[in-house]
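This report refers to the structure that appears directly beneath it.
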Amino acid sequence: MTSLRNLAPRLTATTPPEACTPVSVYHALLRHPQDTDLTPVRGFLQAQLAQAKQLGDEVEGLPENLDDLPTWIEDNGDAVACAYREYLKGRHAGEGRQYFGSKAHALYFLQHVAPTKLVDGAWLYNSLSHAGDWRYHNLIRTYLEELGDGDPGLNHVVLYRKLLADHDCAPTELLEEALYVQGAIQLALGHLGDEYLPELLGYNLGYEQLPLHLLISSFELNELGIDPYYFTLHVTIDNASTGHARKAVDTVLDLLPTDDTREDFIARMRAGYLLNELGKGTKAVISGFDLEQEVVAMLERKRTFGQHLHSDYCRLDGRTVNEWLSEPGRCREFLTVLENKGWIKHNQDPADSRFWQLMDGPGAPMFGVFNGYEMQLLRDWIAGDWLDEHAARRQNPFRAQFRRRLSADAASTAASSRTTVATDALIDLLSPAHHATPEGLSATRVYARKLAEGSLAV
């Protein structure tokens, strides 16, 4: 994502409302929050809330009586657990994966939900400035746990960045706008938390519930050889007993007004809860994948970079490779020619295809042209049915393929946590823009220690 940091405009006092898009809000608050005028951000958030309120009759909201919130989250947890048991029962009976048809499909998912995952916990950022008020401590603890208390092996954004890097599948261009909606909402709430406290609490209630898709995604990512720890970590910390889901409920009950503003506060909180429904969700991202379409779209994106780089020695159906690539919209036809000429052999080991041999391995003529995600797309598309048969002979999908590594060295962590930093500077370093950096991780450890000691001067 770092290559995209300069692609969105800065939001200033003169930014027209129509320019305040999810993409611009997202990049402004994530890359240069100190230079961002919050007036257009307020406008963005108000527009999202207006849209969310229209969903009121379509989406099951919070319970009518907020005293029922503890039971409500327990019932949700029970329903998810029952559904997951049914999923596992089907898998034991030989049913296939429900979410990911291939590893390329799973990497597509990781790439397309990245805008949200890379700001994990951002909506809680403002709570750090309320360390002197005990009612905010559950929000603060939740945020610090999203940040791994400064341990890079537990910081959610660090974990997700590493996951993308491990599979070379980080987005290299702007994704569709709907994929930035949730991240932009989270960042906006994080920077406007005092003004939108009811909405923030409602949003937090919804986001911290354990969803079924988290459990299924974790299972199938592991099955496909992708470390699911980022996802399984959320399964444990979001539990309804003592985890983030329960903390979200306790915070609502602690911060509810007792005067005549109570009803308006609750109405705003319900609207904030519905913000979780906006944008493109996990299931929509998963169902939006079509392997062949992604292969063709990827080659079309690559076409402009390669249209002048091939020699004219080889001609296919009377055209050189450069000629095939020089005209937009011809990549699918070009693939068909490669298939007809035997350069691509579908439903076989990709190693049998001359086209794959040109790309795979350090001695290949096209080595390095495609990133890890793009290579996986091509591999899975060529392999086709062979991949399914090959996978069927592999190890038990119920066996965990990954073991957790040791996290940050305890001695170095303790030493760096003794740094003396002013509270305002600490809070700035814990922002969504900085907390995943080495300086931000160190500041997180300092803040967490000071919070535990009760020595934060806020």
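Wholly within segment 363-458, which helices (runs of 4 or more DSSP H) include no fewer than the required count, namely at least 2 residues that are at pLDDT below 90?
Working: elements: 372-383, 385-392, 410-416, 423-429, 438-453.
In segment 363-458, the matching helices (runs of 4 or more DSSP H) lie at 385-392, 410-416, 423-429.
Sort out which residues of segment 175-210 are more than 19 Å from Arg270 (Cα to Cα) and surrounded by fewer than 21 Cβ atoms within 10 Å (Cβ to Cβ), and write them in order of number.
Scanning segment 175-210 gives Leu175, Glu176, Glu177, Ala178.
Please tell me if Cys82 is over 25 Å from Met298 (Cα atoms) and out of contact with any Pro (no Cβ under 7 Å at 6 or more places or on another chain).
Numbers: over 25 Å from Met298 (Cα atoms): yes; out of contact with any Pro (no Cβ under 7 Å at 6 or more places or on another chain): yes.
Judged against the criteria, Cys82 is a match.
With the requirement that a residue be surrounded by fewer than 19 Cβ atoms within 10 Å (Cβ to Cβ) and touching a residue at least 12 places away in the same chain (Cβ under 8 Å), what does segment 349-369 give you? Please lay out each step first, then the result.
From segment 349-369, those surrounded by fewer than 19 Cβ atoms within 10 Å (Cβ to Cβ) are 349, 351-352, 354, 357-358, 360-369; that's our starting set.
Within segment 349-369, Asp349, Arg354, Asp360, Val369 meet the criteria.
Where in segment 203-303 are there helices (runs of 4 or more DSSP H), lying fully within it, with 1 or more residues that are closer than 30 Å to Met359 by Cβ and within 16 Å of the chain's Cα centre (by Cα)? Working first, answer last.
On the way: elements: 212-223, 229-237, 244-255, 262-274, 282-287.
The qualifying helices (runs of 4 or more DSSP H) are 212-223, 229-237, 282-287.
The values are calculated or read from the model by the stated rules, or taken from the named source; none is laboratory data. None of these values were measured; they are calculated from a predicted model. Positions of Cβ are backbone-derived with ideal geometry, glycine not excepted, and every protein chain shown enters the neighbour counts.
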